[in-house]
Structure formats: structure tokens, C-alpha cells
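A.B. asks: The structure that follows is given in the form of C-alpha cells.
Bear in mind these aren't lab numbers, they're just calculated from the coordinates by the rules spelled out. On a predicted model such as this, the values are computed, not experimentally measured, just so you know. So basically every Cβ, Gly included, is an ideal-geometry build from the backbone, and we count neighbours across all protein chains shown.
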Amino acid sequence: MALAYLITFTTYGARLHGSHKGSVDDEHNVYGTPLVPGDPNRAHLSQMRMTEPAYTLRPVERDIVCKSIVDLCSERHWVLTAVHVRSNHVHVVVSAERAPERVMSELKARASRDLSLGGFGDPDRRRWTRHGSTLHLFEDEHVEAAARYALDEQGERMAWYLKEPRTK
């Protein structure tokens, strides 16, 4: 059983199939394997299929999403190690006794609810991509590395949370 998960999800329209940055699809969805290569035609088709404009989180919205995640984890007694909410994606390092896909779904739902309650958009607005990444972490050092990655390898920190390290 995994000690924790590194859960990553993007905002709607942030990483389209065919993007020069790469993306994940059903055939390119194994950790450590190549992403879908850039393809301008596929990127254009992906953009044309969008039913709403791309969603970007502004600073106050990032703060709301971060607080939502911290609060939900506390309520569910999940062990939250780190959160980093960026303008177009979210990283969460969390331990929970349930499938990481279910955890991700609940995190997105709570964040969306709190954004709507805060007056940031229509409740029916698409804010998140359909799925995301759920990396299983089996060793303490992998959990620590995932937290470092989430917080320190994304550029300047935006809205974030880091659990106090254990003292020995």
C-alpha cells in the first residue's frame, strides 16, 4: 500500500492534447514514459473542442483552493504533506485510505464549491480537466521528494501549504 500520493490536476484548457509542452492521453499515461508529442494540428482541434474559455486561477482564487484542500484533508483525517496551487495546476501530496482518483475528485469538488461560495464564477463553470495524475509514493524519501517537487520545482511559490516536519 502506498504511503501517500502525489496528485496533480490542471485547470480547464491549461494543457491541451497536441500542446508543445506535451500532454497525457490513454496511450501515454504511464509514469516515466514519454508524453504525447506536440502536434499543432491536434492542439488546434483540442482548442476548437473546448466549450468554455480556459480557466486560470488568480491569486485570491489560489488562496481559496489551497485553504479548501487543507480544510478537506483535516475534516477527512487525511495526512496532508504539501499543497501548491499555481495559476493553471495544483499539486497535492496526501495520504488517505482510499483510491487517489477518489481523493482527487473530492479535492476538485470542494475547491469548486468554495470558489463558487466565494463569488468566483458560476457553479457550473468548468474549472478542472477531467482527470489528472495520481502517483503512488511507497517510501518516506519519495514523499519528501514529491513535496520538494511540488513546492520548489515549479517556479516561485504561489498559494501553498507544507506540514511541519517531524522532529526526532
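A.B. asks: Springs between alpha-carbon atoms under 10 Å, Gaussian network over the chain: tell me which of S68, S46, S133 tops the mean-square fluctuations.
C.D. replies: Evaluated over the chain, the most mobile residue of the options is S46.
A.B. asks: If one takes the longest principal axis of the Cα atoms in the chain, at what angle in degrees, from 0 to 90 and to the nearest 10, does the Cα axis of helix 140-152 lie?
C.D. replies: 50 degrees
A.B. asks: On to the next question. Given R₀ = 35 Å, what would the calculated FRET efficiency be for V79 paired with H131, taking r from the Cβ atoms and rounding to 0.05?
C.D. replies: Approximately 0.90, to the nearest 0.05.
A.B. asks: If you scale each eigenvalue of the Cα gyration tensor by 5 and take the root, what three semi-axes come out for the chain, rounded to whole angstrom and sorted largest first?
C.D. replies: 26, 21, 14
A.B. asks: Treating only the Cβ atoms of Lys and Arg (+1) and Asp and Glu (-1) as charged, compute the dipole magnitude of the chain about its Cα centre; round to the nearest 20 debye.
C.D. replies: 380 debye
A.B. asks: Could you grab the relative contact order for the chain? Cα pairs under 8 Å, six or more apart, rounded to a whole percent.
C.D. replies: 35 percent
A.B. asks: Please order M1, M104 by the number of other Cβ within 10 Å, starting at the fewest.
C.D. replies: Listing M1, M104 from fewest to most nearby Cβ atoms yields M1, M104.
A.B. asks: Compute the acute angle (0 to 90°) between the alpha-carbon long axis of helix 59-76 and the principal axis of greatest extent of the alpha-carbon atoms of the chain; round to the nearest 10°.
C.D. replies: Helix 59-76 and the main axis of the chain meet at about 50 degrees.
A.B. asks: In degrees, nearest 10, range 0 to 90: what is the angle between the Cα axis of helix 40-49 and the longest Cα principal axis of the chain?
C.D. replies: Helix 40-49 sits roughly 80 degrees off the main axis of the chain.
A.B. asks: Let me ask something additional. Between the DSSP loop rule and a limit of at most 11 other Cβ atoms within 10 Å, which chymotrypsin sites (Phe, Trp or Tyr not before Pro) in region 121-168 are left?
C.D. replies: For chymotrypsin sites (Phe, Trp or Tyr not before Pro) across region 121-168 that sit outside H, G, I, E and B with at most 11 neighbouring Cβ atoms in 10 Å, the list reads F138.
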